[in-house]
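Can you read through this structure? Questions will come right after.
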């Protein structure tokens, strides 16, 4: 049997019949299924695809808004505010709402880049190499600039050759540990935080 071809009129009548507005005008309650259409009934939330839901903290400021990260096969699908958090109660500001875009952007730098002194080009390096280099340069600078006593004999045990500028996303506990390590352990005097500037 040949397939009947739908006319434009048939399509328009089908659309109007399926469109929720005429049903609501006819008296169906908007709280009923009057707002549904064939298309909306077939839609599924993309979060159903997630096989993992993790928690995170927004990286943009010191408020510390909690986030839920939905992922499938280890790749994030969506990020939203965590309603269990007393800090943000499931909400995110525009910057926090853009975390997913920042995380998945093809322009995001995901490797260590190093530019040697006087070089004009960046080169990719392994993370272990970068951590070893930072530790080496920190120790060398501390050893070269460490002062135990001032000329008048006052014990200071400090270095003025290294400074620390913390980020606004650091919480109280992290800042406490930074202060203990840098000031008490390494003798660094110049410790500041970007949140105060």
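Any residue that is out of contact with any strand residue (DSSP E or B) (no Cβ under 6 Å at 6 or more places or on another chain), assigned to a strand (DSSP E or B) and without any contact (Cβ under 8 Å) to a residue 24 or more places away in the chain - is there at least one of those in the range 158-175?
Yes, because at least one residue in the range 158-175 is out of contact with any strand residue (DSSP E or B) (no Cβ under 6 Å at 6 or more places or on another chain), assigned to a strand (DSSP E or B) and without any contact (Cβ under 8 Å) to a residue 24 or more places away in the chain.
For every residue, the table says whether it meets (1) assigned by TED's automatic domain parsing to the domain that holds residue 75; (2) within 18 Å of residue 187 (Cβ to Cβ).
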{"residue": "100", "(1), (2)": "yes, no"}
{"residue": "111", "(1), (2)": "no, no"}
{"residue": "143", "(1), (2)": "no, yes"}
{"residue": "146", "(1), (2)": "no, yes"}
{"residue": "158", "(1), (2)": "no, yes"}
{"residue": "167", "(1), (2)": "no, no"}
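Also, I was wondering about something else. Tell me, yes or no, whether the range 64-83 has at least one residue that is out of contact with any helix residue (DSSP H, G or I) (no Cβ under 9 Å at 6 or more places or on another chain), surrounded by 10 or more Cβ atoms within 10 Å (Cβ to Cβ), farther than 30 Å from residue 18 by Cβ and touching a residue at least 40 places away in the same chain (Cβ under 8 Å).
Yes, that holds for at least one residue.
Name, by its number, the condition in (1) farther than 30 Å from residue 56 by Cα; (2) in contact (Cβ under 8 Å) with a residue 60 or more places away in the chain that does not hold for residue 195.
Here residue 195 meets the rest and fails (1).
If you go through the range 123-147, how many residues are part of a helix (DSSP H, G or I), more than 22 Å from residue 109 (Cα to Cα) and in contact (Cβ under 8 Å) with a residue 12 or more places away in the chain?
Matching residues across the range 123-147 total 5.
The values are calculated or read from the model by the stated rules, or taken from the named source; none is laboratory data. Note that the coordinates shown come from a computational prediction; the quantities given were computed from them, not determined experimentally. Note: ideal-geometry Cβ built from the backbone for every residue, glycine included; neighbour counts use all protein chains shown.
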